[in-house]
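Q: After the C-alpha cells below, expect a handful of questions from me.
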Amino acid sequence: MNISDKKLAATDALILNSASAGFFPIDCFFRSEKEYELCFGEKWHGLSLPDCWLAIADLLALGLVELVRYSKPNPSATQFAREATCLGLTHEGGVSWEREFDVKWHDFIEVEGDMDAENGYSFKATNRNILNSMLQRIGDSGHARLLQPSAVLSCGHWNPTNWKSFEESYCLSVLVTGGSALKDNIPFVEDTLFGISRDLSKHFKTIWRLVPGSAPKQ
C-alpha cells in the first residue's frame with residue numbers, strides 16, 4: 001500500500017487540510033481555536049500543543065508534509081519575520097489530501113490576496129464558467145460600486161500549490177475601490193467576495209502568500 005493510500009487519523013487529516021493551500025509558518029498550527037480558524041479559514045484540529053507536535057511528527061515521518069525555511073526579499077513588506085520555518089504538503093501529502101477530502105479541482109477556486117496591496121484580489125480556477133458566474137454575482141452584489149473586476153482571462157500554466165500543476169487556468173482580478181468610504185467597507189466587501197466564492201466552489205482556499213515570488217531556502 002502506498003503511503004498516500006493510508007487512512008489518516010481525523011486530526012491528522014485536519015492538519016493536512018490546513019496545509020494544503022501552501023506553506024504556512026509552523027507556529028500557525030499551534031494557535032488557539034479562534035486564531036487557527038482566522039489563520040487558515042479551516043476547522044481547528046482541537047489538539048493540545050504536545051499532541052499537535054506529535055501529529056505533525058507523524059505526518060513528517062510519513063512523508064506527507066515537509067518543513068522549509070523561507071526568506072523574504074523585503075523585510076518591511078509584511079508582518080512576518082525576515083525568515084520563517086514553514087510547513088506544507090509534499091506531493092504524497094497532496095495525493096492524500098485529495099483522497100481524504102474528495103477534492104474536485106474543477107470546482108476549486110483560489111483567492112490570493114497581496115499583503116502589500118490589501119485592496120486587490122486574484123481568483124483562479126481551472127473552470128472558466130465558475131469565474132464567469134462569480135463575475136456576474138459580483139455585479140449583482142450590494143457592494144458592486146466598490147468592486148472593480150477584470151474580465152475572466154486565460155492564465156495558462158498554473159501551480160496552485162507546490163505539489164500540483166495544471167496546463168490551463170483562468171483568472172479574475174478584483175480591485176476594491178471607494179475612496180474615503182473604503183476603509184470602513186473593506187471587511188464587508190471581503191465577506192461578499194469570499195461568500196460568493198464559497199457558494200460557487202466546493203473547495204475554496206484563501207491564500208496569503210508569505211513571501212511572493214521567493215523560493216524555499218535549501
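Q: Could you please find all residues in region 87-102 being outside any helix (DSSP H, G or I) and either surrounded by 17 or more Cβ atoms within 10 Å (Cβ to Cβ) or without any contact (Cβ under 8 Å) to a residue 24 or more places away in the chain (or both)?
A: As a first pass, look at region 87-102 and keep what is outside any helix (DSSP H, G or I): 87-90, 101-102.
Once the filter is applied, which keeps residues that are outside any helix (DSSP H, G or I) and either surrounded by 17 or more Cβ atoms within 10 Å (Cβ to Cβ) or without any contact (Cβ under 8 Å) to a residue 24 or more places away in the chain (or both), region 87-102 yields L87, G88, L89, T90, D102.
Q: I'd like to check something: does region 42-60 contain any residue that is among the small types (G, A, S), more than 16 Å from T85 (Cα to Cα) and either in contact (Cβ under 8 Å) with a residue 24 or more places away in the chain or assigned by TED's automatic domain parsing to the domain that holds W163 (or both)? I'd like the intermediate steps shown before the answer.
A: The first filter runs over region 42-60 and keeps only residues among the small types (G, A, S), leaving 46, 48, 55, 57.
After this cut, where a residue has to be more than 16 Å from T85 (Cα to Cα) as well, the list is 46, 48, 55.
Now drop any that are not either in contact (Cβ under 8 Å) with a residue 24 or more places away in the chain or assigned by TED's automatic domain parsing to the domain that holds W163 (or both), which leaves 46, 55.
Among the residues of region 42-60, at least one is among the small types (G, A, S), more than 16 Å from T85 (Cα to Cα) and either in contact (Cβ under 8 Å) with a residue 24 or more places away in the chain or assigned by TED's automatic domain parsing to the domain that holds W163 (or both), which makes the answer yes.
Q: Since G142 meets every condition but one in (1) surrounded by fewer than 16 Cβ atoms within 10 Å (Cβ to Cβ); (2) within 16 Å of D199 (Cβ to Cβ); (3) modelled with pLDDT of 90 or more, which condition does it not meet?
A: It fails just one condition, (3).
Q: Turning to a different aspect of this structure: I'm trying to understand the selection: among the residues of region 131-152, which are in contact with a helix residue (DSSP H, G or I) (Cβ under 9 Å, 6 or more places away or on another chain), under 19 Å from S201 (Cα atoms) and not in a loop (DSSP other than H, G, I, E, B)?
A: L131, S133, M134, R137, I138, P149
Q: Could you list all residues from region 153-165 that are assigned to a loop (DSSP other than H, G, I, E, B) and of a type in the set (A, V, I, L, M, F, W, C)?
A: So in region 153-165, the residues assigned to a loop (DSSP other than H, G, I, E, B) come out as 155-157, 159-165.
Of everything in region 153-165, those that are assigned to a loop (DSSP other than H, G, I, E, B) and of a type in the set (A, V, I, L, M, F, W, C) turn out to be C155, W163.
Q: Same structure again: Taking the condition assigned to a helix (DSSP H, G or I), surrounded by fewer than 19 Cβ atoms within 10 Å (Cβ to Cβ) and at pLDDT below 95, does P50 pass? Please lay out each step first, then the result.
A: On the way: assigned to a helix (DSSP H, G or I): yes; surrounded by fewer than 19 Cβ atoms within 10 Å (Cβ to Cβ): yes; at pLDDT below 95: yes.
Criteria met by P50.
Q: Evaluate the following for K183: is it at pLDDT below 85 and basic (K, R)? Before you say what the answer is, go through the steps one by one.
A: On the way: at pLDDT below 85: yes; basic (K, R): yes.
For K183, the condition - at pLDDT below 85 and basic (K, R) - is met.
The values are calculated or read from the model by the stated rules, or taken from the named source; none is laboratory data. Note that the coordinates shown come from a computational prediction; the quantities given were computed from them, not determined experimentally. A quick note on method: Cβ atoms are made from the backbone with ideal geometry, for glycine too, and the neighbour counts reach across all protein chains shown.
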